Amino acid sequence: MTSGTQPPQADPGDQRRPREPWQHSAQDPQSAERSAQASEPHAAPRPGPDAAPGPDLQAPPVSAGPPQTGAQSPHDGAPPHLSGAAGPQASAGMQPPQAYTGAQAPQAGAQAGPAGPRVGQSAWWNPAAPSDPWRDPGSRAVIETRPAPGGTPVEPLPERRGGAARAGLGLVIAVAAITALIAGTLGAAVGIWATRGDGGGGITGADPQTERDLSSVAGVVEQIMPSVVTVLTADGGNGSGFIVSDDGYLLTNHHVVVGGGSEPAESLQVLFSDGSVTTAAVIGSDPDSDVAVLQIEGGDHPAMVLADSDKVAVGDPVLAVGAPLGLSSTVTEGIVSAIDRPVLTENNNGEVESVMAAIQTDAAINPGNSGGPLTDIAGQVIGINTAIASTAAEGEAGNIGIGFAIPINQAKRIADEIIATGTASHTVLGAELGESELGVGVTLSTIVAGSPADDAGMEDGDVVTSFDGTTVTENTQLIALIRKLAPGTVVTVVYERDGEEHSAQVTLEAAGD
């Protein structure tokens, strides 16, 4: 059945003349005879043709109701096997009782006694009609059943699939979950707004924390930043530096003051964290240690505190401050990754220029950081940032978490000598080293006469296995450990000779003495 079309309607017949419930349709003359035969065993004797009919009882007219339109779902009106429209043969008036259609049977208005109506009163039923269902209340009603007249076939409704119901249930659950989430988020937002409001109805924010603990990273950086400078080199590049005395001395790297050349510049421009720029004179530099000293005019400069780098331990937190890639006043944080790491640096010609026992850190160090301070968590200087390890090609080096700093104890000693004499001394053991081999020990191929090693009784061919308590495995390491110490330092050297282990106390000296 197409939705929106009108179904066939029953002929309303003559609605002005009410029909008795016992009367049958004129289109079905045999129904009365069948009803009479079916009720004979239980009904009173049928009156003759001359018998007077009893009082006529008229049944109230049956309302057909408004016509139905469109297809109905199983939840709309009668079940699917019941049609609300009569077939073409259906007549107006009352049909013989069929399956339940929702119509209410007429209700009796009065009751009679068990023996029939009282004398002189009219019976409200028809005692002359044995097949009348509204006859004597004391008799049994005989209801005639017959097949419902054929009508227009009802178009079957599509079968509901179980998946649709499950999908509908899933949709309901999803909508409920989303609604709950939105409600919860809205409630949290309202709660935050309510707690942050000032009572005036506006949205307000919390004031930023400006009173920072002096021991915090921000507090430390605030104190040390005026002491850190960006060194502008003659070739248009830059390095970093920091003030170490109130009379204006600054420390930086030798390769910073050299820039792209081979000789140090006489003066350079330095940029402070507040944006001011001034000229610094180059007092001197030492390529072997990669340390240089600058000085700015004036007095009462904010100097940084220098710590004891010999007390640094692996794992200590550190800060690296400088101007990586020209970005002035940059701070990075990390830890001490290793100590006494042997590092070789090269000059612009690719030649080995300095050897150091460096402090290794994972604090980000990039080109431009050179010469800047590496501090402990209190802002005290423990080293000068000087080199990085890189896997990139030349000119493309960048931080990979392996940076190196000159221990400040060594840098300070070199700087003091430069300020005092204009040059720096280098500590030596007094021996030429043999070929470096894999494993523990460094061979002293030749002992210099009158050197510290000779004075300690060491001979050619001795293999040094430990220096000042550190196991020695390669030549660069031994050189770096010697140069780290100041001339006059007494160290314990353990060595092997002819398969036997020996030790000696050696007093180091400055080269050329």
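The values are calculated or read from the model by the stated rules, or taken from the named source; none is laboratory data. All values derive from a computational prediction rather than experimental measurement. Ideal geometry is used to build each Cβ from the backbone, glycine not excepted, and the neighbour counts take in all protein chains shown. Note: accessible area is taken over every heavy atom of the protein model, side chains too, but ligands, DNA and RNA are not part of it. Shrake-Rupley method; radii C 1.70, N 1.55, O 1.52, S 1.80 Å.
So the values come out like this:
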quantity: Options ASN399, ASN409; residue that is within 57 Å of the chain's Cα centre (by Cα), polar (S, T, N, Q), crowded, with 19+ Cβ neighbours inside 10 Å and in a helix (DSSP H, G or I); calculated: ASN409
quantity: Residue match in the range 239-259 (condition: among the polar types (S, T, N, Q), under 18 Å from ILE382 (Cα atoms) and within 39 Å of the chain's Cα centre (by Cα)); calculated: yes
quantity: Neighbours by Cβ (under 6 Å, 6+ apart or cross-chain): first from the range 363-391, within 16 Å of ILE414 (Cα to Cα) and at pLDDT 95 or above; second assigned to a loop (DSSP other than H, G, I, E, B) and among the aliphatic types (A, V, I, L, M); calculated: VAL381/MET304; ILE382/ALA307; ILE382/VAL312; ASN385/ILE365
quantity: Unmet requirement for ILE339, which otherwise passes all of (1) more than 13 Å from PHE404 (Cα to Cα); (2) open to solvent by 10 Å² or more (accessible area, probe 1.4 Å); (3) of a type in the set (A, V, I, L, M, F, W, C); calculated: (1)
quantity: Subset of the range 469-513 (residues that are closer than 25 Å to ILE408 by Cα, basic (Lys, Arg) and open to solvent by less than 60 Å² (accessible area, probe 1.4 Å)); calculated: LYS484
quantity: All positions within the range 310-326 that are of a type in the set (A, V, I, L, M, F, W, C) and at pLDDT 95 or above; calculated: VAL312, ALA313, VAL314, VAL318, LEU319, ALA320, VAL321, ALA323
quantity: Residues that are in a strand (DSSP E or B) and surrounded by 24 or more Cβ atoms within 10 Å (Cβ to Cβ), drawn from the range 287-296; calculated: VAL291, ALA292, VAL293, LEU294
quantity: Residues of the range 362-378 that turn out to be of a type in the set (Val, Ile, Thr), open to solvent by less than 10 Å² (accessible area, probe 1.4 Å) and part of a loop (DSSP other than H, G, I, E, B), as a count; calculated: 1
quantity: Subset of the range 246-260 (residues that are within 14 Å of ALA387 (Cβ to Cβ), not in a helix (DSSP H, G or I) and not β-branched (Val, Ile, Thr)); calculated: ASN253
quantity: Filtered residues of the range 261-286 (kept if of a type outside the set (A, V, I, L, M, F, W, C), without any contact (Cβ under 8 Å) to a residue 40 or more places away in the chain and part of a loop (DSSP other than H, G, I, E, B)); calculated: GLU263, PRO264, GLU266, GLY275, SER276
quantity: Matching residues, the range 418-451, being touching a residue at least 40 places away in the same chain (Cβ under 8 Å), hydrophobic (A, V, I, L, M, F, W, C) and closer than 16 Å to LEU508 by Cα; calculated: ALA424, VAL428, LEU429, LEU444
quantity: Residue within the range 283-303 that is under 33 Å from the mean Cα position of the chain (by Cα) and at pLDDT 95 or above present; calculated: no
quantity: Of the criteria (1) surrounded by fewer than 19 Cβ atoms within 10 Å (Cβ to Cβ); (2) closer than 27 Å to ILE406 by Cβ; (3) touching a Ser or Thr at 6+ places or on another chain (Cβ under 9 Å), which one LEU429 fails; calculated: (1)
quantity: Top-ranked residue of the range 346-361 - restricted to ones that are open to solvent by 10 Å² or more (accessible area, probe 1.4 Å) and in contact (Cβ under 8 Å) with a residue 24 or more places away in the chain, ranked as nearest to the chain's Cα centre (by Cα); calculated: GLN360
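Residue-by-condition table, conditions (1) aliphatic (A, V, I, L, M); (2) in contact with a strand residue (DSSP E or B) (Cβ under 7 Å, 6 or more places away or on another chain):
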{"residue": "ASN399", "(1), (2)": "no, yes"}
{"residue": "PRO407", "(1), (2)": "no, yes"}
{"residue": "HIS426", "(1), (2)": "no, yes"}
{"residue": "GLU435", "(1), (2)": "no, no"}
{"residue": "LEU438", "(1), (2)": "yes, no"}
{"residue": "ILE447", "(1), (2)": "yes, yes"}
{"residue": "ASP455", "(1), (2)": "no, no"}
